[in-house]
Amino acid sequence: VARLRTLVLAVDDGWLAQRFRVPRPIASAVRRIGFGSGRGPSGDEVGAPPEGLDALWAHTVRAADVRNGIIRDAAWWDWRYARSPMSTYRYFEARRGGALAAAAAVVEREDFGGRFAYLLELQAVDGAAAREVVRAVTASLEGVSGLATVAMPDSPLLRLASSAGLRTLPQRLEPKGLWFGYVDNARTTAHLAAAPWHIGWGDLDHL
């Protein structure tokens with residue numbers, strides 16, 4: 001179907017300088033200017049998948065015309081994260097008027113030459129809410145070089161992550177190519193290759 005794109009948000013000047021072989025003052029300027037998370041309202045870390053995920057996922061489906069992929073509602077978050085035997089996941093939310101406006105699930109891993117927080121899930125009603133929840137992630141995690149996620153090209157998830165400050169890596173800098181496809185066993189679903197798909201790192205992390 002497509003090659004997934006890798007997006008990162010650097011939070012550590014030292015890692016950025018080493019990774020891209022530039023002086024630390026330049027790395028600091030690149031981090032501040034190039035990654036647009038910046039200052040502003042921030043969400044919160046919560047101890048379990050946020051309340052209101054069903055409504056947030058319904059908004060995502062309506063706004064993005066999602067037709068193919070996993071139903072990423074409260075039941076999915078409960079099964080995939082809260083009840084996982086490997087559960088070291090952390091959860092973040094941003095709210096507006098008490099309603100869930102954005103949600104994120106994160107796990108830390110050694111990758112990209114440093115310690116990174118994999119942004120496994122990101123849902124938000126708009127780019128501003130996505131920035132709020134990503135600010136909560138960067139403010140709460142210590143000792144990480146940055147955030148990373150993957151998304152389908154030109155997808156709602158890629159646009160949300162970009163709005164939140166993550167930047168798409170050039171393919172030559174991606175540590176490995178991740179391809180998404182499906183097997184047309186019945187030879188009746190070839191048309192789905194051109195249909196919109198909603199795929200994120202949360203689909204891949206446990207495999």
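Out of the residues in segment 84-105 that are free of Cβ contacts under 8 Å to residues at least 40 places away in the same chain and more than 23 Å from H59 (Cβ to Cβ), which is least open to solvent (accessible area, probe 1.4 Å)? Only one residue fits best here, namely S87.
Would you mind stating whether R5 is free of Cβ contacts under 8 Å to residues at least 24 places away in the same chain, in contact with a strand residue (DSSP E or B) (Cβ under 6 Å, 6 or more places away or on another chain), farther than 15 Å from G202 by Cβ and buried (at least 18 other Cβ atoms within 10 Å of the Cβ)? When the stated conditions are applied, R5 does not pass them.
With A55, A29, A17, A75 as the choices, which residue is of a type in the set (A, V, I, L, M) and touching a residue at least 24 places away in the same chain (Cβ under 8 Å)? Matching residue, one of A55, A29, A17, A75: A55. Looking across segment 146-174, the residues that are more than 23 Å from R62 (Cα to Cα) and open to solvent by 10 Å² or more (accessible area, probe 1.4 Å) come down to R167, T168, L169, P170, Q171, R172, L173, E174.
Close Cβ contacts (under 6 Å, 6 or more residues apart or on different chains) running from residues in segment 164-183 that are in contact (Cβ under 8 Å) with a residue 60 or more places away in the chain to residues that are in a loop (DSSP other than H, G, I, E, B) and open to solvent by 40 Å² or more (accessible area, probe 1.4 Å) comprise F180/V1; G181/V1. Based on this model, can you work out whether A64 counts as among the small types (G, A, S) and either surrounded by 18 or more Cβ atoms within 10 Å (Cβ to Cβ) or at pLDDT 95 or above (or both)? Criteria not met by A64. Residues that are of a type in the set (A, V, I, L, M) and modelled with pLDDT under 95 do occur in segment 33-46, at least one of them. Only one of the listed residues (D205, D154) is modelled with pLDDT under 85 and within 15 Å of the chain's Cα centre (by Cα). That residue is D205.
For the subset of segment 122-145 comprising residues that are hydroxyl-bearing (S, T, Y) and closer than 12 Å to S42 by Cβ, which member is surrounded by the fewest Cβ atoms within 10 Å (Cβ to Cβ)? Please lay out each step first, then the result.
To start, the set of residues in segment 122-145 that are hydroxyl-bearing (S, T, Y) comprises 138, 140, 145.
From what's left, closer than 12 Å to S42 by Cβ: 138, 140.
On the way: T138: 19, S140: 16.
Filtering first and then ranking leaves S140.
The values are calculated or read from the model by the stated rules, or taken from the named source; none is laboratory data. Because the structure is predicted, anything quoted here is derived from the model rather than measured. Reconstructed Cβ throughout: ideal geometry from the backbone, glycine too, with neighbour counts over all protein chains shown. With ligands, DNA and RNA removed, areas are computed over all heavy atoms of the protein, side chains included. Shrake-Rupley method; radii C 1.70, N 1.55, O 1.52, S 1.80 Å.
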